[in-house]
Amino acid sequence: MSNKLWQGRFNGNVDPVTEQLNRSISFDQRLYPYDIRASIAHAAMLGKQGIISALESEAMVVGLQAILTDLDSGKLAIDLEVEDIHTFVEMELTRRIGEAGKKLHTGRSRNDQVATDLRLYLEVEIQTIEDLLFNLQQALEEKAEQAGDTLMPGYTHLQRAQPVTFGQHLMAYHAMLQRDRERLQDCSRRMMVCPLGAGALAGSSFPLDRNMVAEQLGFHGVMQNTLDAVSDRDHVLEFLGAASIVMMHLSRFCEELVLWCSQEFNFVALDAAYTTGSSMMPQKKNPDLAELIRGKTGRVYGSLLAALTLMKALPLAYNKDMQEDKEGLFDTVDTLKLCLQALASMIKTLTPNAARMTACVKEGYLNATELANYLVKKGVPFRDAYMITGQAVQQAIQQSLPLEALPLSFYTTLSPVFKEDLYTALQYSVATP
Ligand code: ARG
């Protein structure tokens, strides 16, 4: 028997290079649990609708369940010589149950099949990724609770700007991850409509019950337009977009970790488990994990760009180009899961250097804004208060002193409004406690 589902009109053999290029089983084999689940739902529906006999339907369902069990346990190996996972499952079913297996594809095409599989796969992976994002948020929250009150310099332009707390800084990432979770949930909700029943592109003349299949598979509805159902990959793009934003957030945090554990900053120490040494320089402790997460952001962006480019200008409906939607998607799912786990562990085990962070707050005139605000509270217009404070900073720089070390007699030469209580305003604290 041929190992293709489409040999009817063809004589002779396909060129080996054609076969190689056409074959997707090396990567789409990961869809087998979803492919089988969808086939079970389809087989049950064909039976219920009387399109095939109840016996045939039952044999298919039992046979498919056994294939799933055997693949899960490793008892059955996927044949990497066949074209794709859909072909493999159908052929294995026919090998096991005989003639009835050949009826599985009634009223169905691989076009609506693969579109369904991919949605089912992504639903599960999005849930896992969302859980990992939540776990990372918890790691941030715990660290913020432990060391949250530590004052640290807040930066703009990577120049010390105003005091913030280490907790505030960490919780900024918590807020980003919250939006990431919402974006993924949103993507999943929009994605969970069922393409099955759309056939190759034009539906089917069999009395399929699309709602029954959709319900059994956990979709919240069916895709109404059959051309759209087989050719839509918006969910892949939305997921890759959301994943790219997640990676952008992770890479910003990792960049800060790399900076913070440098001798120049020395704000945190990373646990040795997440660093490596140098093969030449014995003193080195490199933040490789943080660097790799930052680096892996590139491949996720690459997958988004590749998918957008893939879909651009494709005429309706299905085109084989779309087989290329999977590898970048799978790689992104794997990359994201790995990076989210690694970063959570890194955060849980890092040690903040509170003394150093607080010391840095006291160098660099981070209390200048509060001094200007002090004048404003006493009725000086902000722009004037800003100028007066600027002069004080200039004087302090010249004398290499902090603002709080300049005497009241100096301040009164700048403005008669200054009183002894200016030194209270100059105490380092965060503007928003
Ligand atoms: N492997 C194909 C894909 O991933 C499955 C659909 C094939 N459809 C077809 N008409 N050849 O897109």
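The values are calculated or read from the model by the stated rules, or taken from the named source; none is laboratory data. Keep in mind that what you see is a predicted model, and the values were worked out from it rather than measured. Positions of Cβ are backbone-derived with ideal geometry, glycine not excepted, and every protein chain shown enters the neighbour counts. Each accessible area value is taken on the protein alone, full model and side chains, heavy atoms only, with ligands, DNA and RNA left out. Shrake-Rupley method; radii C 1.70, N 1.55, O 1.52, S 1.80 Å.
The dipole here belongs to the range 1-128: it is taken about the Cα centre, uses +1 on the Cβ of Lys and Arg and -1 on the Cβ of Asp and Glu, and is about 340 debye. Take residue 251: with every protein chain present and a 1.4 Å probe, its accessible area is about 20 Å². With every protein chain in place and a 1.4 angstrom probe, the accessible-area ranking of 95, 183, 23, 189, largest first, reads 95, 189, 183, 23.
P(r) for the range 122-173, from all Cα pairs and a bin width of 10 Å, is 25, 35, 24, 14, 2 %, short bins first.
Residue 58 exposes around 100 Å² of accessible area when a 1.4 Å probe is run over every protein chain in place. Compared with the direct C-alpha span, the chain from residue 306 to residue 95 gains 72.2 nm at full extension, assuming 0.36 nm per residue. Within the range 75-106, which residues have the backbone N less than 14 Å from the label spot 7 Å out from residue 55 along Cα→beta-carbon, could you tell me? Hits in the range 75-106 for residue 55 at 14 Å: 98-101.
Summary value for the chain: 16 percent relative contact order, contacts being C-alpha pairs under 8 angstrom separated by 6+ residues. Shown in residue order for the range 58-73 are the 3J(HN,Hα) couplings computed by the Karplus curve 6.51 cos²θ - 1.76 cosθ + 1.60 at θ = phi - 60°: 4, 4, 5, 4, 5, x, 5, 4, 5, 4, 4, 4, 5, 6, 4, 7 Hz (x for Gly and Pro).
Ligands, DNA and RNA left out, the 1.4 Å accessible surface of the chain is 54% carbon and sulfur atoms. Using alpha-carbon pairs under 8 Å, 6+ residues apart, how would you state the relative contact order of the range 303-402 in percent? This gives 19 percent for the range 303-402. Taking amide H atoms as placed 1.01 Å from N in the peptide plane, the amide H of residue 154 lies under 5 Å from those of 161, 162, 164, each 5 or more residues away in sequence or on another chain. The GNM of the chain, with springs linking C-alpha atoms under 10 angstrom apart, assigns the highest mean-square fluctuation among 318, 301, 423 to 423. Taken one residue at a time, the phi angles of the range 400-410 give Karplus couplings (6.51, -1.76, 1.60, θ = phi - 60°) of 6, 10, x, 4, 6, 8, 7, x, 4, 4, 6 Hz. Gly and Pro are set to x.
Which log10 I(q)/I(0) values, to two decimals, does the range 1-136 give at q = 0.17, 0.19 Å⁻¹ under the Debye formula with one point per Cα? Per q value, in the given order, log10 I(q)/I(0) is -0.97, -1.15.
Heavy-atom accessible area with a 1.4 Å probe sorts 369, 275, 432, largest first, into 432, 369, 275. Full extension of the chain segment joining residue 280 with residue 428 gains 49.0 nm, where the gain is 0.36 nm per residue of separation less the Cα-Cα distance.
Using the 1.4 Å probe convention, the accessible area of the chain works out to 48 Å² per residue with neighbouring protein chains retained.
Under 12 Å from the Cβ of residue 26, count the other residues' Cβ atoms, weight Lys and Arg +1, Asp and Glu -1, and hand me the total. Result for the local shell: -3.
The calculated Kirkwood hydrodynamic radius for the chain is 26.2 Å, given to one decimal from all distinct C-alpha pairs. Give, to the nearest whole percent, the P(r) tail of the range 178-282 beyond 22 angstrom, counting all Cα pairs. More than 22 Å apart: 57 percent of the Cα pairs in the range 178-282.
The value of relative contact order for the range 44-119, using C-alpha pairs under 8 Å at least six residues apart, is 26 percent. A quarter of the convex hull surface defined by the alpha-carbon atoms of the range 228-382 gives 15.8 nm² as the mean projection.
In µm²/s, what is D for the range 320-368 at 20 °C and 1.002 mPa s, where D = kT/(6 pi eta Rh) by Stokes-Einstein and Rh is the Kirkwood radius from Cα pairs? Roughly 144 µm²/s, to the nearest whole number. Can you work out the Karplus-derived ³J(HN,Hα) for every residue in the range 385-395? Use 6.51 cos²θ - 1.76 cosθ + 1.60 with θ = phi - 60°, whole Hz, and x for glycine or proline. Going residue by residue, I get 4, 4, 5, 4, 5, x, 5, 5, 5, 4, 4 Hz, with x marking Gly and Pro.
Dipole of the range 353-433 computed with +1 at Lys/Arg Cβ and -1 at Asp/Glu Cβ about the Cα centre; of 407, 386, 359, farthest Cα towards the positive end is 386.
When the listed pairs 296/348; 4/326; 102/326; 285/348; 377/419 are checked against a 24 Å cut-off, the alpha-carbon distance exceeds it for 102/326.
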